[in-house]
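Engineer: Can you read through this structure? Questions will come right after.
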Amino acid sequence: MLIKNIEQRIKVNKVVSLSAIAFAVFIVIGGFFFAYKMIEDSRKSIYILDNGVPVLAKQTDVLLNRPVEYKAQIELFHRLFFTLAPDDTYIKDNIQKSLYLIDDSGKKEYTNLREKGFYNQIIASSSMVSIHSDSITLSPEQKKFVFFGKQMITRKSSVITRKLITEGFFEDIIRSPNNPHGVILKNWRILDNEEISNQTKNSY
């Protein structure tokens with residue numbers, strides 16, 4: 001009887017000891033994890049000086065911002081490519097900047113428009129060309145986008161508005177001064193550029 005009691009106590013002591021060890025290990029691992037999370041959160045906290053006053057800001061995950069950067073890149077390309085003035089140097093500078101953001105499909109479209117005399121017409125008629133971005137849809141799985149907007153051609157006597165719908169693909173690349181978002185547009189093409197209005201300016 002005495003031996004059985006001793007054996008039971010030994011078993012109970014083993015269970016208690018193992019449970020205490022397991023609990024201690026759990027506490028240590030939990031402590032390490034909590035400390036790691038605190039360090040990670042503290043690294044995301046940065047201070048920005050605003051007129052000498054430190055303002056707390058939070059860093060965000062780069063991946064969370066990528067859809068925003070994709071849309072910003074698409075909008076930037078279209079703005080550079082389609083914002084034109086009756087100045088050959090201005091046109092070439094804008095086109096050159098836009099071509100850093102796209103593959104050779106952008107150069108092909110530029111060559112096509114140049115051969116049609118589009119840029120010469122802009123200069124000859126002293127026209128201003130601008131665009132308005134309505135929306136951009138992204139398909140992250142296919143890495144595909146569709147741009148919806150309007151193109152305005154302002155001449156001395158009229159303002160022509162054209163529909164502008166384009167599509168293409170996007171791919172991540174290394175960031176550079178000429179491509180700060182680190183995104184290259186690919187296989188881009190214009191789907192619809194039909195005229196939707198032609199308003200005559202009032203002349204006094």
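The values are calculated or read from the model by the stated rules, or taken from the named source; none is laboratory data. The structure displayed is predicted, hence computed values, not measured ones. Every residue, glycine among them, receives a Cβ derived from its backbone with ideal geometry; neighbour counts consider all protein chains shown. When the accessible area is computed, the model is the full protein with side chains, heavy atoms only, and any ligands, DNA or RNA have been set aside. Shrake-Rupley method; radii C 1.70, N 1.55, O 1.52, S 1.80 Å.
Engineer: Sort out which residues of the range 181-200 are farther than 15 Å from D103 by Cβ and open to solvent by 70 Å² or more (accessible area, probe 1.4 Å), and write them in order of number.
Structural biologist: Scanning the range 181-200 gives L191, E194, E195, I196, N198, Q199, T200.
Engineer: Further question on the same structure: Name every residue in the range 75-125 that is outside any helix (DSSP H, G or I) and open to solvent by 30 Å² or more (accessible area, probe 1.4 Å), in order of residue number. First the steps, then the outcome.
Structural biologist: Step one: of the range 75-125, the residues outside any helix (DSSP H, G or I) are 83-87, 100-103, 116-117, 125.
Answer for the range 75-125, where residues must be outside any helix (DSSP H, G or I) and open to solvent by 30 Å² or more (accessible area, probe 1.4 Å): T83, P86, D87, Y100, D103, K116, S125.
Engineer: Hey, F81 hits all of (1) modelled with pLDDT of 95 or more; (2) under 16 Å from the mean Cα position of the chain (by Cα) but one; which does it fall short on?
Structural biologist: (2)
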